[in-house]
Every structure is written in C-alpha cells, then in structure tokens.
1. Calculate, for residue 272 and residue 195, the FRET efficiency according to 1/(1 + (r/R0)^6) with r their C-beta to C-beta distance and R0 22 Å; round to the nearest 0.05.
2. Between residue 124 and residue 289, what FRET efficiency follows from the Cβ-Cβ distance if R0 is 35 Å, with the result rounded to 0.05?
3. Give me the distance between the Cα centres of the stretch 280-305 and the stretch 84-111, rounded to whole Å.
4. How would you rank 60-71, 115-126, 183-194, highest first, on the average number of other Cβ atoms within 10 Å across their residues?
5. With every atom except the alpha carbons ignored, what do you get for Rg and Dmax of the stretch 2-306, in angstroms?
6. Could you give the length gained on full extension between residue 139 and residue 172, defined as 0.36 nm per residue of separation minus the Cα-Cα distance, in nm?
7. Take the Cβ-Cβ distance between residue 1 and residue 253 as r, set R0 to 25 Å, and report the resulting FRET efficiency rounded to the nearest 0.05.
C-alpha cells in the first residue's frame, strides 16, 4: 500500500505539473501577456508546484524532515543527479559570462538559506526575508531579460481553446498536484516507519527525487536536443526557486524546526555541490561526460551515507 501511495503520488505530481504549465501558458497567450513574463513567472512557479505542495503538506502534518528535506534534497538531486545525467547524454558547454549572474545568485541564495537553517529553525521572519529576496531576484531577472542579458524568450503558444477549457486545464493540474502531494507525503511517512529511517532521510532522497522528475526530464531532453544552456539554466533557476519560493512560503505559513540530521550532512552537501558546479561553469564553461560521471558517483555515495547506520537518527 505504501509503495502504491508513492507511485500514485509521483504520477499525479508529474501529470499535474504538466497540466499546470500548459494551462498557464495558454491562459497567458489568451490574455496577451508577454511570453517573456510567462517564462520568468508563470512557468517557473508552476514547475516548482510539486516541491511546494509536498513541503507544505509535510509541514502541516508535522513532518519537518520531509518538508525541509524535500527542499534541500531537491537541490542536491538537481545538481548531482540531474546535471550529471544530462552531461552523460551530451556534454554541457556554456559561455561562462552567460551563467555569471545566475551562478552568483544561486551561490548567494544557498549561503543565505544555510545561514538561516543553522539557527535550527525557519521562522516567520526568515520566510518573509526569503520571499523578499525572491521578489528582488524576479525583478532583476526581468530587467536583465528586457535589456538582452537574460535567457531567450519562451516561445509563445497561441491557443484557440475556449477560456473555460484553459481554466479547466489549470484546475485539473492543481487538483492532481494537491492529490499527488497528499499521497506522496503519506507514503513517505509510512516508508520511513517501515524501514526504520528518519523522515529527513526519506525527504532528501525518495521525496526529493520524485518532486525533481520534471527537472530531470527537462534537463535530459535539453541535453539530447543540444540545448545545454536550457539544462543548466533550468537547474540553477529551479534551485533558486526551491530555496526562496518554497522555503519562504513554508516558513511563512508554518514555521518549523529543522531536524539535526539535515544540518549534519545534507545542507553541507548542497553547499559543496553548488560551489563545485558554479565554479566549474564560471571558470571552464564545459561540463563534460567525465564530470557528469563524477557527479553521479558523488550522488550515489551521498545516498549510501544517508542510508548508513545512522539513518534512523534525527
């Protein structure tokens, strides 16, 4: 039953995210909103919906290990597993100057989140601070894009579907994401109890990988189609939104304590992986197959350590 809940939750999250993005882009097209704005706001926020709803659901259920573990674990998964897999499909080569802003931003955001986390909890003030930083990042990104320094505009998707159908697509997507989040959290809590590991371990591994599947699919397909900048930008942007948007909303709505298990290992792995990737991209500009294999190996070791003898602690 637990595994069916996990599987059902993953399927609903993926399907719901797909419907949300399609519906949001179609609605923006009908309303005549710039595709640039759609890419910077609507699509970006919709693709973080799985992480957001899972973390909120876990927080309200009194499972901070899953709530915060999902955020930190998703970032680790994005950096080590997803970019590692994408680089194995096709080497990721980008101009260092093109990732300077996003790389600096993800470094700064990671350090800010780490500083807040080391206090042992995320308070209402912390949540508001993260959301203010999110608003500032969005404004700066928009202005850079308008001045020609940002990523290329998202292709506008014209639609002749009636408004009720577009709104229905959004409603279906939202319903699937909410339902999938509920199933996934229930299954994750049950799995942690059955196999005797902490909820924090399940949060930074099983749940994090599940909610990061949209990013995994996007990065691998982008690499396969020879669009490395999309794969890299997707991961850097997703990590910024995970920490600022999801961390900010969860802390604002439901302040919670951070399990010691996450502070002992996961947040430091997240920081180390961020520093390694950003430094590599800024100074070398090429993330090839050897680097991808290395990142995958490091992720494998990290997961093995998480499920080691101390997995039930914290």
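1. On the way: r = 27 Å, r/R0 = 1.22.
So, using R0 = 22 Å, E works out to roughly 0.25.
2. Details: r = 45 Å, r/R0 = 1.30.
E between residue 124 and residue 289, to the nearest 0.05, is 0.15.
3. 12
4. Peptide ranking by packing, descending: 60-71, 183-194, 115-126.
5. 18.3, 54
6. Values: separation 33, 0.36 × 33 = 11.88 nm, distance 2.98 nm.
Gain on stretching residue 139 to residue 172: 8.9 nm.
7. Values: r = 29 Å, r/R0 = 1.17.
That gives a FRET efficiency of 0.30.
Throughout, read-outs are computed from the coordinates displayed, never taken from laboratory work. This structure is a prediction, so every number in the text was calculated from the model and none was measured. Methodologically, a virtual Cβ is constructed for each residue, glycine included, from the backbone with ideal geometry; neighbour enumeration extends over all protein chains shown.
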